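The values are calculated or read from the model by the stated rules, or taken from the named source; none is laboratory data. Just so it is clear, the model here is predicted, and its values are computed rather than measured. A quick note on method: Cβ atoms are made from the backbone with ideal geometry, for glycine too, and the neighbour counts reach across all protein chains shown. Surface accessibility is based on the protein's heavy atoms, side chains included, excluding ligands, DNA and RNA. Shrake-Rupley method; radii C 1.70, N 1.55, O 1.52, S 1.80 Å.
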Amino acid sequence: VTAVAVGMVCTVPFFGTRFRQRDFPALATQYFFSRVYTPNSTLVYAHESQRELFLVREGCACVVHIESLAQLQTLHVGDQYGCFQLLCGGPHPVSVQTTARFVETLVLTFEALRRLLKHAESETQKEKSTTTSAASQPAHLERSTTVSAQSGSSGKLGGSCASLDERDPGVDAVIAAYKSTLLRWSKRHAELTNPGEVGGRRAHKISEEGR
């Protein structure tokens, strides 16, 4: 597991250490695999329910509006796409395409995500079992066991395990980020397809603020 891959995974709210124990992103990288796309190919088709998360590892890809074909965003190295659909399902509102270069991605499928969560839950149960066992030790062993457990706890997964429930803070953060992204794409599409109208609204707003 490379530090670069772990760093890329940490940029996705669901896997980041803001909501997870510090070892969770490293565990998650074990379930990603590399997929290379040829020039002028499609990673994601709009309106398809493709439950995969993509992290751009090399090259760049374009987020494209399905009707106007306007380029809404460019995904560069380290950027990600598809986490909302991975966690919550549903069709993609845009397509994602490569340009004139090859693009290497790290991909996590929904089935791999389920295996990851099962693995993390198993590790959490093992830690709880170890803690319970330590608590039942005789008094003369209690101090040494406690010190040992505390010294190693920072590297464990521990805590509440990640889940696909909307009440999971990581899922909630992904949903909030997705809504913000949709709004940004909508504004960008308006700027590209109706520049005069957008410019007029801005001029009107500036005029109103100046009064």
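Odds and ends about this structure:
- Enumeration of residues in the range 70-95 that are out of contact with any strand residue (DSSP E or B) (no Cβ under 9 Å at 6 or more places or on another chain), of a type outside the set (Gly, Ala, Ser) and part of a loop (DSSP other than H, G, I, E, B): 91, 93
- Residue 58 meets each of the listed conditions (1) in contact with a Phe, Trp or Tyr (Cβ under 9 Å, 6 or more places away or on another chain); (2) more than 18 Å from residue 81 (Cβ to Cβ) apart from (2).
- You will find that of 63, 56, the residue that is within 17 Å of the chain's Cα centre (by Cα), farther than 25 Å from residue 162 by Cβ and open to solvent by less than 50 Å² (accessible area, probe 1.4 Å) is 63 and no other.
- Taking the conditions (1) exposed (fewer than 14 other Cβ atoms within 10 Å of the Cβ); (2) of a type outside the set (Val, Ile, Thr); (3) touching a helix residue (DSSP H, G or I) at 6+ places or on another chain (Cβ under 9 Å); (4) farther than 26 Å from residue 19 by Cα in turn, residue 90 satisfies each one other than (4).
- Contact map, the range 60-83: first residue touching a residue at least 24 places away in the same chain (Cβ under 8 Å), second residue open to solvent by 50 Å² or more (accessible area, probe 1.4 Å) and of a type in the set (A, V, I, L, M, F, W, C), Cβ cut-off under 7 Å, separation 6 or more or different chains; pairs are 70/192.
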